[in-house]
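Participant: Mind having a look at this structure? Questions to follow.
The values are calculated or read from the model by the stated rules, or taken from the named source; none is laboratory data. The structure displayed is predicted, hence computed values, not measured ones. Cβ: placed from backbone, ideal geometry, glycine included. Neighbour counts: every protein chain shown. In case anyone asks, the SASA skips ligands and DNA or RNA and just uses the protein heavy atoms, side chains included. Shrake-Rupley method; radii C 1.70, N 1.55, O 1.52, S 1.80 Å.
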Amino acid sequence: MPLLLTGLLAVISWQVAVGGPLLGLDLSARHGVHELRGWLDNPWVDYGARGLADLGGAFPAIPVLLAAAVLAARRQWRAGGPRWWLPLPAAALAAVLIPLLVVPAKAWFARPGPLGETVRAGGLGWYPSGHTATSAIAYGTAALLVGRTLASPAARRWLYAATAAVCCGVGAGLVWSDYHWLLDVTASWCLAGSVLWALDRRLPGPVG
């Protein structure tokens with residue numbers, strides 16, 4: 001899984017850097033979204049998409065992550081876990097990794113946005129999507145931390161599925177609202193998936 005995600009991220013980044021033919025997917029996706037928006041012609045769908053996209057902002061994603069870490073640490077402490085405090089530095093690390101991974105890439109690629117916005121010298125471009133990475137890493141880490149305190153495997157599966165649905169909604173909202181290209185979102189999902197995979201392997205196993 002990590003090799004697949006890393007390889008896909010590398011291919012997308014290469015195509016963005018050289019303006020390769022894979023970028024045609026962005027144009028096709030944007031055209032399809034515009035046609036669907038015109039067919040629906042429903043402002044409430046647009047409002048909903050923008051609301052989903054906003055869930056990828058540092059607020060509320062980072063507060064949710066920190067609250068989940070406190071909850072997980074408290075539950076593990078009450079259960080007598082030997083490293084009950086571990087969710088706290090894990091959440092802090094995840095929060096710090098988001099800008100460390102995303103901001104330099106945005107500056108390096110300096111990709112214009114879907115609406116043709118230009119990137120000033122030394123400014124940040126649209127690739128990869130910061131909102132997508134923020135939502136996937138923050139909510140994903142929160143789910144991993146809290147999920148490890150749930151004794152029921154079914155409860156963990158529901159939590160992980162709900163988290164994945166929210167993160168997919170953020171990405172869809174960004175593309176629908178013309179805030180990001182499809183490949184911006186896809187690359188951030190690959191990046192977040194690699195981070196979460198590494199974190200999952202280093203955290204203690206679930207209690208049940």
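Participant: Is the shape of the range 1-94 rounded, prolate or oblate, going by the alpha carbon gyration tensor and its root eigenvalues a ≥ b ≥ c, with a/c under 1.5 for rounded and a/b larger than b/c for prolate?
Facilitator: Values: a/c = 3.86, a/b = 1.65, b/c = 2.34.
Since a/c reaches 1.5 but b/c is at least a/b, the shape of the range 1-94 is classed as oblate.
Participant: Full-extension gain between Ala92 and Trp108, please, as 0.36 nm times their residue separation minus the C-alpha to C-alpha distance. Could you put the intermediate results ahead of the total?
Facilitator: Details: separation 16, 0.36 × 16 = 5.76 nm, distance 2.53 nm.
Roughly 3.2 nm would be gained on extension.
Participant: Please identify the trypsin sites (Lys or Arg not before Pro) of the range 45-102 that satisfy two criteria: DSSP loop assignment and at most 12 other Cβ atoms within 10 Å. Which are they? Before the final figure, lay out the partial values.
Facilitator: On the way: sites: Arg50, Arg74, Arg75, Arg78, Arg83; in loops: Arg83.
Those satisfying the criteria are Arg83.
Participant: Around Gly113, what is the net charge, scoring Lys/Arg as +1 and Asp/Glu as -1 over all other residues with Cβ under 10 Å from its Cβ?
Facilitator: Values: positive: Arg111; negative: Glu117, Asp178, Asp184.
Counting the neighbours of Gly113, the net charge comes to -2.
Participant: Cβ under 15 Å from Leu27's Cβ, Leu27 left aside: what net charge do those residues give with Lys, Arg +1 and Asp, Glu -1? All intermediate terms of the calculation are to be shown ahead of the outcome.
Facilitator: Values: positive: Arg30, Arg111; negative: Asp26, Glu35, Asp178, Asp184.
Local charge sum for Leu27: -2.
Participant: Given just the C-alpha atoms of the chain, how large is their convex hull per residue in cubic angstrom? Could the numbers behind the result be given before it?
Facilitator: On the way: hull volume 25.4 nm³, N = 208.
Normalising the Cα hull of the chain by residue number yields 122 Å³.
Participant: Accessible area per residue for the range 1-140 in Å², computed with a 1.4 Å probe and the full protein assembly in place, what is it?
Facilitator: Numbers: 8210 Å² over 140 residues.
For the range 1-140, the solvent-accessible area averages 59 Å² per residue.
Participant: Apply 1/(1 + (r/R0)^6) to the Cβ-Cβ distance of Val119 and Ala79, taking R0 = 35 Å, and write down the FRET efficiency to the nearest 0.05.
Facilitator: Efficiency computed from Cβ-Cβ geometry: 0.10.
Participant: Something else about it: Counting other Cβ atoms within 10 Å of each Cβ, which trypsin sites (Lys or Arg not before Pro) in the range 98-192 have at most 12 and sit in a DSSP loop?
Facilitator: Arg120
Participant: Just from its helices, what would the mean residue ellipticity at 222 nm be for the chain, if runs of 4 or more DSSP H residues each count -39500 (n - 2.57) and the sum is divided by every residue, rounded to the nearest 500 deg cm²/dmol?
Facilitator: On the way: 8 runs with 153 residues, N = 208.
Rounded to the nearest 500, the figure is -25000 deg cm²/dmol.
Participant: Calculate what fraction, in whole %, of the accessible area of the range 37-101 sits on carbon and sulfur atoms when a 1.4 Å probe is rolled over the protein chains. Mind showing how you got there, number by number?
Facilitator: Values: 2870 of 4160 Å².
In the range 37-101, the share of accessible area belonging to carbon and sulfur is 69 percent.
Participant: Tally Lys/Arg at +1 and Asp/Glu at -1 over every other residue whose Cβ is under 13 Å from the Cβ of Thr132; what's the total? Please list the in-between numbers first.
Facilitator: Values: positive: Lys106; negative: Asp54, Asp184.
Local charge sum for Thr132: -1.
Participant: Using only Cα atoms, locate the centre of the range 8-23 and the centre of the range 52-97, then give the distance between them in Å, rounded to an integer.
Facilitator: 33
Participant: Give me the accessible area of Asp54, 1.4 Å probe, in Å² rounded to the nearest 10.
Facilitator: Its heavy atoms expose roughly 90 Å² to the probe.
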